[in-house]
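Asker: I'd like to ask you about the structure that follows.
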Amino acid sequence: MNPRILFLSALLLSGLALCGSAQNSPSSASDSDQTAIKAVRTETPVRVSLSGKVSDPSGAVVSGATVRVISHRNGEVITITSGESGEFRAQDLSAGSYDIMVSYPGFAPFSKTEVTLLPQQSLVMDFVLQLSGVTEQTTVTAKAPAGEGALETSPTNSHEVLEIREVRESSAKDMGEAISNLDGVWKVRKAGIANDVVIRGFQQGNIDVLIDGMRVYEACPSQMDPAAYHVDFAEVDKVDVTKGPFDTRNQGSLGGTVNVISRLPGSGVILTPNFATGSFGFYNPSFVASGSKRFMHSLGGYSYRRGDPFVTGSGHNFTYYANFTPAGADDASFDSRTVWTRNTIDIAHNQSLTLSYGNQADGLTLYPTLKMDALYNNTHRIDGTWSIRQLRGGVKTVSAQAYFSQVIQWMTDQFRTTAGSGTRGYGMGTLAGTRALGGRVEAEMPNMIAGVELYDRGWSAYNYQFQMATKSYLGQKSLPDVRMIVAGIFSQYSHTFGKAFITTGGRLDTGASEALNKSVNTDLYWAYNSTRSTSALDLDPSVNVKVAYLLPKGIELFTGVGSNVRLPDPEERYYGLKSMGRDWVGNPLLEPTRNNEGDLGFTYRSRYVSIRPTAFYSVLSNFVAVTKEQKVNPAPGIMNSSALSYQGVDAKIYGGELSYSLEFTRSLLLSGGLSYIRGTHSAKAGLPAGNLAEIPPLKSRASLRYGTGLFYGEINGLAGGRQDKVDALLNERPTPGYGIFGVKGGLHTKNWNLSAGADNLANRFYYEHLSFVRDPDRLGIRIPEPGRAFYLNLSVNLFGLARSD
């Protein structure tokens, strides 16, 4: 191994140990592992108020509920009891950050963390309590879902939350598809499942997609299995989405962060089965079991997802558009099984340990946009988090997390016409594996959070290609056992100055990467990029400042500037594959990509109207673009004259979002949003100036929702603009605009939830622009979106027992 990697490993481990011993108490952030500053201190306290109403799922008010408002500044707890009409009010509070906990016998406790009250603000929040157990939090009134219309005050306004109830009200098959309902977020369609996430034009290595703060990477070099794919809906409580370079806790969040947060055990004992079904042979049975007794809280579950190839508006299923054989066209589109468990032990009244395990085992999954399909994909996730709270002195809370994830995938073209006469039944195949071992230690202090992050990422892939001339298979180590060790220190500070709330943060990251396999083909690097380097060492800082200022009449101005860095992906630096016609080779000379971004916007809220426009402008240096490179040096065994490779270019990405809601009555709400992105890059040797690839066009959505305590109904629409600003050098083609509409509705009681709907009711034939896949291993075709599709979801509280301890 490179001595620099050994030295770096020792240095980082020493730093972790030093960080842990530098405090009187162990150090880290909150036990929920959220991204936020949980303390706001004012020199002269400015008083604010918090009020709202507590009700049950049927809409009936809950009187006598206990509402606890917990200050992050000094730990003070204010306890209120809801009145006969279910209303509560906390007055004379100091501006700052609070946790709110609501409880009532027979119902599951409800908590809302990190609620920020700005100076001179009167915040109204309503709470719907659920039956005691693990039931999903479902509100069927017309109030807009989080992140859509009900715009909550935030010191950055770059953060949105997708609740699991919103997912269960949709036809989404995986988390990437579900998240794309948010403004400024799109998906890359590769198949009937395993959609990738795009935030403001940033995707793949340019954003972080985490599961409970854990890094889970794709094994496939063509991103068949993106990180958001490796978690099941039944596991999830909510999804936090941060836009822009404002996440200081996680390295590499150049354009944003997605953190999928798992559900926690409820009180008592409960079994909650769920069944989802829909068009194209889709069905998804799952169940979650939860138990809690004294100091032990456990949760576990199982889910199975299966579907056939979807049918487009033309009446053809997606295998019609690709090179599938008749046998391949008759197979299921995907087949996935997930099992998981989460266990928390209360070591003391203020100290806990949580251990989690998850396994996702996928059978055959068809990927029509790519040259191969996955025969299996097996994922393991192991996570442990220790936390201690309510400490005295400078450090208030501390947590430490350690995790391990592994993904192994086998993919071939055996269901494609390219399989030909391969003696093993396929013409090409790739066995790929990735793993991540990491952790973090965080300490929360008044007005400040600080910590250390460390992870060790490994990635390998072995490619097989059948040679007609010799009737044998040529094997190549396309990802030569690449190892990447990254460590960073970070901090974030917040303070209130009059009507302004300011947050600033920064981190310093160092990373060492190396291709470890002795069979690494440095001739490929030399032929196209004039280097034989197989290792790199990087050291880069990141910093950001965000300001929110409260004006009269419900107007809040917000702005932010940030400079963030992400390190080149192991594939981008060290991939190497010789193939017929054109090679695919990494560039070991790539430098880290830096995003210098500014955000600006405002939020207006009144009793019936809310609106939030946001604009951003990103200036990127060394942005990694896929390029066509000509061979510049002769090298033994390199017969092709060109390759697909990677170059760092100067680029710009800019645009914005507009979210709005209009409440006609308490039961009738109109909400929607607009999103627009534009991306260009400057000229570089061999690469003329032009449009960045895979930049989505204008997107618009709107919904009219009627809801009571028992029933809701909704009409919704989605439209995409024409995208003709494409990367012609990569054969990206213009995409026509489109518009579709759908309906949905549901019923909800204390013991069951039912939702049903239909998408693309007019059965429109259309493409999304991101049906184009830029990976060099793409097939070169485009897959239309599904035609008319129906879906249904039913969740039942089978039984529940209240806690007796």
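The values are calculated or read from the model by the stated rules, or taken from the named source; none is laboratory data. This one's a predicted model, so the numbers in the text were calculated from it and none came from an experiment. Neighbour counts are summed over all protein chains in view; Cβ atoms, including those assigned to glycine, are modelled from backbone coordinates with ideal geometry. The protein model used for the area step is the full one, side chains on, heavy atoms only, and it has no ligands, DNA or RNA in it. Shrake-Rupley method; radii C 1.70, N 1.55, O 1.52, S 1.80 Å.
Asker: Check Asn447, Asn463 and return the single one that is farther than 30 Å from Val545 by Cβ, in contact (Cβ under 8 Å) with a residue 40 or more places away in the chain, buried (at least 19 other Cβ atoms within 10 Å of the Cβ) and more than 23 Å from the chain's Cα centre (by Cα). So that I can check it myself, show each step before the final result.
Answerer: Details: Asn447 fails: farther than 30 Å from Val545 by Cβ.
From the options Asn447, Asn463, the qualifying one is Asn463.
Asker: Restricting attention to the stretch 288-308, report how many residues are open to solvent by 10 Å² or more (accessible area, probe 1.4 Å) and more than 30 Å from Ala348 (Cα to Cα).
Answerer: Number satisfying all stated conditions: 4.
Asker: Could you identify the single residue in Arg701, Arg722, Arg733 that is among the charged types (D, E, K, R), under 22 Å from Trp186 (Cβ atoms), modelled with pLDDT of 95 or more and open to solvent by 60 Å² or more (accessible area, probe 1.4 Å)?
Answerer: None of the other options fit; the residue is Arg722.
Asker: Let me ask something additional. Go through (1) touching a Gly at 6+ places or on another chain (Cβ under 7 Å); (2) polar (S, T, N, Q); (3) buried (at least 22 other Cβ atoms within 10 Å of the Cβ) and name the single condition Thr341 misses.
Answerer: So the condition that Thr341 fails would be (3).
Asker: Assess whether His748 counts as being open to solvent by less than 20 Å² (accessible area, probe 1.4 Å), under 24 Å from Glu657 (Cα atoms) and either at pLDDT below 90 or touching a Ser or Thr at 6+ places or on another chain (Cβ under 6 Å) (or both). Let's see the steps before the verdict.
Answerer: Numbers: open to solvent by less than 20 Å² (accessible area, probe 1.4 Å): yes; under 24 Å from Glu657 (Cα atoms): no; either at pLDDT below 90 or touching a Ser or Thr at 6+ places or on another chain (Cβ under 6 Å) (or both): yes.
No; evaluated as a whole, the condition is false for this residue.
Asker: Another question, if that's okay. Take the stretch 361-414 and flag every residue that is touching a Phe, Trp or Tyr at 6+ places or on another chain (Cβ under 6 Å), within 21 Å of Ile449 (Cβ to Cβ) and in a loop (DSSP other than H, G, I, E, B).
Answerer: Within the stretch 361-414, no residue meets the criteria.
Asker: Please pick out the residue among Ile388, Ile382 that is within 29 Å of Asn343 (Cβ to Cβ) and open to solvent by 30 Å² or more (accessible area, probe 1.4 Å).
Answerer: Answer to the check: Ile382.
Asker: Kindly indicate whether Asp456 is at positive phi and open to solvent by 10 Å² or more (accessible area, probe 1.4 Å).
Answerer: Here the answer is no, as Asp456 does not meet what is asked.
Asker: Okay, next question. What number of residues within the stretch 584-604 are surrounded by fewer than 20 Cβ atoms within 10 Å (Cβ to Cβ) and in a loop (DSSP other than H, G, I, E, B)?
Answerer: 2
Asker: Please find, among Tyr229, Tyr283, the residue that is open to solvent by 30 Å² or more (accessible area, probe 1.4 Å), more than 30 Å from Gln351 (Cβ to Cβ) and either among the hydroxyl-bearing types (Ser, Thr, Tyr) or touching a Cys at 6+ places or on another chain (Cβ under 6 Å) (or both).
Answerer: Of the residues listed, the single one that is open to solvent by 30 Å² or more (accessible area, probe 1.4 Å), more than 30 Å from Gln351 (Cβ to Cβ) and either among the hydroxyl-bearing types (Ser, Thr, Tyr) or touching a Cys at 6+ places or on another chain (Cβ under 6 Å) (or both) is Tyr283.
Asker: Could you list all residues from the stretch 268-283 that are under 23 Å from Gly358 (Cβ atoms) and touching a residue at least 40 places away in the same chain (Cβ under 8 Å)?
Answerer: Val269, Ile270, Leu271, Thr272, Pro273, Asn274, Phe275, Ala276, Phe282
Asker: Continuing with the same structure: Any residue that is surrounded by 21 or more Cβ atoms within 10 Å (Cβ to Cβ) and more than 25 Å from the chain's Cα centre (by Cα) - is there at least one of those in the stretch 674-681?
Answerer: We begin by selecting, within the stretch 674-681, every residue surrounded by 21 or more Cβ atoms within 10 Å (Cβ to Cβ); these are 675, 677, 679, 681.
From what is left, the residues that are more than 25 Å from the chain's Cα centre (by Cα) are 681.
There is at least one residue in the stretch 674-681 that is surrounded by 21 or more Cβ atoms within 10 Å (Cβ to Cβ) and more than 25 Å from the chain's Cα centre (by Cα).
Asker: Further question on the same structure: Does Val441 satisfy the condition of being in contact with a strand residue (DSSP E or B) (Cβ under 6 Å, 6 or more places away or on another chain), part of a loop (DSSP other than H, G, I, E, B) and hydrophobic (A, V, I, L, M, F, W, C)? Write out each step before concluding.
Answerer: Values: in contact with a strand residue (DSSP E or B) (Cβ under 6 Å, 6 or more places away or on another chain): yes; part of a loop (DSSP other than H, G, I, E, B): no; hydrophobic (A, V, I, L, M, F, W, C): yes.
So Val441 fails the test.
Asker: Shifting gears a bit: Going through Tyr660, Tyr654 one at a time, which residue ends up being aromatic (Phe, Trp, Tyr), within 27 Å of the chain's Cα centre (by Cα) and within 30 Å of Ser222 (Cβ to Cβ)?
Answerer: That would be Tyr654, the only listed residue that is aromatic (Phe, Trp, Tyr), within 27 Å of the chain's Cα centre (by Cα) and within 30 Å of Ser222 (Cβ to Cβ).
Asker: Something else: Which members of the stretch 254-279 meet the condition of being open to solvent by 10 Å² or more (accessible area, probe 1.4 Å), under 30 Å from Phe202 (Cα atoms) and hydrophobic (A, V, I, L, M, F, W, C)?
Answerer: The one that is open to solvent by 10 Å² or more (accessible area, probe 1.4 Å), under 30 Å from Phe202 (Cα atoms) and hydrophobic (A, V, I, L, M, F, W, C): Ile261.
Asker: Moving to a separate point now. May I ask you to verify whether Gln647 is surrounded by 19 or more Cβ atoms within 10 Å (Cβ to Cβ) and either at pLDDT 95 or above or within 30 Å of Leu567 (Cβ to Cβ) (or both)?
Answerer: yes
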